[in-house]
Every structure is written in structure tokens, then in C-alpha cells.
Amino acid sequence: MNVYQKVVIFLGFIACLLPGAFPVKAVSDTVDGLKANDADLQWFRDAKFGLFIHWGPVSLEGTEIGWSRAGERRFPHSTGTQIPVDVYDNLYKQFNPVEFNADEWISIAKAAGMKYLVFTTKHHDGFSMFDSQLTDYKITNTPFKRDVTAELANACHKAGIKLGFYHSPPDWHHPDYFTENHARYIQYLHGQVRELCSNYGKVDILWFDGLGGKPKDWDSYTLIPMVRHLQPGILINNRAGLPADFDTPEQRVGRFQNDRAWESCITICHQWAWKPDDQMKSLKECIDILARSVGGDGNLLFNVGPMPNGKIEDRQVKRLKEMGAWLDQYGETIYETRGGPFKPGPWGASTYKGKTIYLHILDWEESETLLLPQIDETIVSHRVLTGGEAAIEQTDRGIEVKIPADQRHPIDTIVALELEGPAAYIPPVDLPQYLSLGTGKTAKASNVFQNNNWAYGPAKAFDGDLSTRWATDSGTKQAWIYVDLENEVTFNRIVICESFGRTRQFELQYKKSGNWITFHKGNTIGNKLTVRVEPLTTRYVRLNVLHADDGPTFREIQFYLDQ
């Protein structure tokens, strides 16, 4: 009998004696414990901005947490190849982050304007960053010996920062995980979650990462009520096989959704865990992501990966503090607002509070005027928070917003519209003039990430939604995608929005007499590239990526005819 089996048997015996222990119940008996109420969600909706931290012994290697571990994964059914298991699983014996300071981390979060923190207590690699009594594979068995989760919890409580724990149901290290003995692993998982909810004071968020598993995979109909029993008022995400309290779009800004809470989790660089010289997002990219997340009526959980010594990189700290300085000036447009009524689009996003609508104009599309749809409220005054003067005209055609080019803010031009009545009663609306000629058209591609056309198929690059994307498999260096515009269409401007900036050489082509004809060549694309051409009339257009660092990924490919 191994140590896990002994612990699980002991845990099961103790659980039966505890007055708060949760026996397995039928689904109908536990429905009331599966969701938080609106009052519990209010602080989350108001907070808008949180800090995500992925950290562990893998930082010694500078590779991705969990995913760089080689060996059998069982679920999902795949095999990693990067760091041999016997190397990865022994990194903890060298892990000694002597410069870790929980209070310093929390002060960085506060300086960034963040209101809550979510820390990885265990990732898919199975290493526990807390002093679990159910395993020896944990932070307190490293040369460092200290329980960093306890120190972070204390620092959060002291500073008034809401505390969240990330915990992975998948565990590629545990011997019983997704084997014929998986039931024993479920007891282990529930036991560790019970420890997290019992030993670290008030916990505000439990952030599971179940990799698409079903409720039965984690016995979630027992797990989630147990968590709520131990931590009344806690919020739980949607990654343990049940919807729970909020959605979690990953590495993308979620689409507009105001009937259910959501939170985009996005990295400040490319990798979740620390990577030397990882490409970091610019301040404009960071503010753009924040404004679009909040304008879509969601939150942003922004990730950093601390270094092996326990410090957060100076350059990342600087960027976070720059975001905090921006929020010091313009936080009224973010905190305690709701998204809308103008839905996010290429132009930017809007938020509202009371009788005020805040326009975050992130891209003027080289136009002199932003035309917003008409609303059933009168604008009584306006102000430009970022400086300069705006001309606002409300007509039957819509709301025209004009600001001289030299008075527009390079990051985000913010205009406050003061209304006669509450903005909450205005139905959310899209800006139709930003609809691409290719929106909703049929598309095909050379490669789709894990053959998952539903989530990452080529149609996602032509759906008019910046929150979705066409993605290719990791390791892909060349790829193509084309759209059938259904009829001969004339355009003179193409806008390409890429994720991760992996393209190094590409060409745009149209089809003529069965052949692809190149009409534009380029190198990098990045977050957004506008290509202007002489008016071109065609039915088929192809983006051909000739060389990429890794799997090309595109959020949108849009076509316009500018008069």
C-alpha cells in the first residue's frame, strides 16, 4: 500500500466523523449548493481587475507549468515530451525562492489597481504549493520549507485583497489519477480542496481548471456543495464540469455577456509560468484588454509568472504599476461599472454607471468621426477625460463623436456622455458600420487546433467577434486560411487581428481561373494590421502564412470598402 492509499483511507475515515462532512448526494439534493447568489457576486462584478499567479518549481526551467512535463497524461489522453518526468518531478528538491515576499506581491497587485488575487495551489503537474497533509510532493518539502499559500493568504487578508485559489482537478503526478483507482484520486482531490477551504481563513474564489472534464470526473455534485459549506459566499468558476458562478475565457477577451458573470484570464507575456525574455504586452495592449473586458461586462484576471527566486520580474512590475497609474486617473470608467450599452468592437468599448456612459475609443480606424447608434436617452453634456475637446451631435442618424486627431489619446481616448436618464435601461447595441464584408461567410483552413472546429475552426476568423479565433496546432510553421465571399465583392482595406504575434512572413492572395494570385506580401502582423490596396473585386481571398514561430492564430480577418 503506497502513501497515497494510506492517506486516502485515513481521510475517508476522518471525513465520516466530521460534522461538516458531505456524503454523496443525488443531484436534486444539492442543486441549491451549486450556484452563488447575486449578492455574493456583487463584489466580483465591481472589482473588474485581479492578479493571476502561476508559479512552482518549473520556474527553474523557464518552461510552461504542467504542460512541459513529459510522460503520460491519461486525461487529456496525450503525452508530453519536453522535460523528462524524472527531471520535472524532482525540480522541487532544488526549489528555494529565498526572495519570496508575500507582502511585496500584494503591494504590487494594489499598485496595479487590482482588487483580488488567484494563486496556483496545484497545477496539472500535481505539485502542491501549500502544506497539504495528503502528499509529500509539496512546497514545505523543498529547501524553502515555507507554506507560500499561507503567507499569501495572510498578506491578502491584511491588505484587504480578495483571496482566490486555483486548484487543478487533473493531476498527472498522482498514481491513481484516471486509472481503475480513480475513485481514490477523487477522495484525494476532495481532501486537498477541503484543506484549502479549512486552513487559510476566508477564501473568496475557488478557480478550478478541469480541462473540460465532466461532473462525474471530479464528483462535482459533492465537491462544490462541500466548498460552499466550508466557505459560505465563495465564488466558483465553470471548470469543474458544472457552470457554477462565472465563465472563464482563456487568452482572449470574452464576448459581450451581461446576463452571467465572466472573467478573461490572460497573460502579461506569452507563457503562464516565468520564461526568460518572454515577449511582454505593451501598455496599450494591456489597457486595450482591460477596457474591452470590462466593456463586455466582464473582468480581467491578468497573469504574471514569478521567477525561481520568488521575485516578480522588474519589467512586469513596471508594466503593472503603469496600469495602476492609468487606473488612478480613469478608474471611474472601470470600477463598479457595467458593460455597454455600445458593445465592444474594433473601435473600442463602453461602460456605464448611473446616468453616465464612458466611451473607450481605442481605434479610430483612420476616421474623423465615430458614429454610434441612436439611443432612447438624451445626452445633456459630455467631457473628454483624457484631455482635449469633443464635438458630440445626437441626430436621427446616430451619435457623432468628433475629436481632432492631435487631441486623441494614443492609448485610449475616453469620453463621458452624461444622460438625462439612467443608462441601465438602454438595450446593448452593436455598431453596424464596423461589420466586415466577410462576416459570416464560409471559410476553410489547412490546419485546426486539435481538429476542434467548433472552438477554433476557420469560421472563427470571419465571425465578426474579436473574442474568438482560428487556431492551428502547436509546432505549425506554415498555414493558410481562405474565405468564400459568396459573390464577387470589392474591397480596398483588409484588417488582420492576430494573437501571440507568431507570423514572420505572409501573403494575401485572390483566386482567378483556379489559381491563387498574390496581391500583398508582408512580414509580421501582430495584434492588428491594416493593409490598404487598390480596389480589388473577387470572390475568394486567402491568407497564406509562409513562416511562423509557432501555430498561427488569428482572431479576425476583415474586409472593407472605403469610399
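The values are calculated or read from the model by the stated rules, or taken from the named source; none is laboratory data. Computed from a prediction, not measured in an experiment: that's the story for all the values here. Reconstructed Cβ throughout: ideal geometry from the backbone, glycine too, with neighbour counts over all protein chains shown. Ligands, DNA and RNA are excluded from the accessible area calculation, which covers all protein heavy atoms including side chains. Shrake-Rupley method; radii C 1.70, N 1.55, O 1.52, S 1.80 Å.
Taking other residues whose beta carbon is less than 14 angstrom from the beta carbon of Leu372, and scoring Lys, Arg as +1 and Asp, Glu as -1, yields -4. Mean sequence separation of contacting Cα pairs (under 8 Å, at least six apart), scaled by the length of the range 181-289, corresponds to a relative contact order of 19 percent.
In this simple spin-label model, placing a label point 7 Å from the Cα along the Cα-to-Cβ direction at both Asp562 and Thr530 gives a separation of 0.5 nm.
When +1 charges are put on Lys and Arg Cβ atoms and -1 charges on Asp and Glu Cβ atoms, the dipole computed for the range 377-532 relative to its Cα centre reaches about 1060 debye. Against the main long axis of the alpha-carbon atoms of the chain, helix 283-295 sits at an angle near 90°.
Of all DSSP bridge pairs formed entirely within the chain, close to 70 percent run antiparallel.
For Thr553, the accessible area of its heavy atoms, probed at 1.4 Å with every protein chain present, is near 0 square angstrom. Classify the range 133-283 from the C-alpha gyration tensor, please: rounded if a/c falls under 1.5, else prolate or oblate depending on whether a/b exceeds b/c. Rounded, since a/c falls under 1.5.
Annotation: for a label point projected 7 angstrom from Cα along Cα→Cβ of Val85, residues of the range 99-124 with backbone N closer than 16 Å are 124. Against the criterion of solvent-accessible heavy-atom surface with a 1.4 angstrom probe, Thr503, Thr369 sort, most first, into Thr369, Thr503. Projecting label points 7 angstrom from Cα along Cα→Cβ for Asn309 and Leu371 puts them 5.7 nm apart. Each stretch of four or more DSSP H residues adds -39500 (n - 2.57); spread over every residue of the chain, this sum gives -6500 deg cm²/dmol at 222 nm. Considering amide H positions built from the backbone, and no H for Pro or chain starts, which residues 5 or more places from Val541, or on another chain, come under 5 Å of its amide H? Result for Val541 returns Val483, Leu485.
Working note: Karplus 6.51/-1.76/1.60 with θ = phi - 60° gives the range 106-113 the couplings 5, 5, 5, 4, 5, 5, 7, x Hz, where Gly and Pro are set to x. Neighbours of Tyr540, meaning other residues whose beta-carbon lies under 13 angstrom from its beta-carbon, give a summed charge of +3 when Lys and Arg score +1 and Asp and Glu score -1. Here the range 148-281 is assigned +1 on the Cβ of each Lys and Arg and -1 on the Cβ of each Asp and Glu. Its dipole about the Cα centre then comes out at about 320 debye. For the range 108-162, averaging the sequence separation of C-alpha pairs within contact (under 8 Å, six or more residues apart) and dividing by the residue count gives a relative contact order of 31 percent.
Relative to the longest principal axis of the Cα atoms of the chain, helix 148-159 runs at roughly 60 degrees. Taking all Cα pairs closer than 8 Å and separated by 6 or more residues, the relative contact order of the chain comes to 11 percent.
Given the Cα-Cα distance of Lys321 and Gln394 and 0.36 nm per residue of separation, how much length would full extension add, in nm?
22.5 nm
Near Tyr116: Cβ cut-off under 9 Å, other residues only, Lys/Arg at +1 and Asp/Glu at -1. The net charge is +1. Remark: the range 265-270, residue by residue, has Karplus-estimated 3J(HN,Hα) of 9, 9, 8, 6, 10, 8 Hz, where x stands for each Gly or Pro and the curve is 6.51 cos²θ - 1.76 cosθ + 1.60 at θ = phi - 60°. I need the shape label for the range 430-551. Rule: rounded when a/c is under 1.5, else prolate if a/b > b/c, else oblate, with a, b, c from the alpha carbon gyration tensor. Since a/c stays below 1.5, the shape of the range 430-551 is classed as rounded.
Between Lys145 and Asp277, 0.36 nm times their residue separation minus their Cα-Cα distance comes to what?
Length gained, Lys145 through Asp277: 44.7 nm.
Legend: residues Ser446, Ser467, sorted from most to least accessible area (1.4 Å probe; ligands, DNA and RNA excluded), read Ser446, Ser467.
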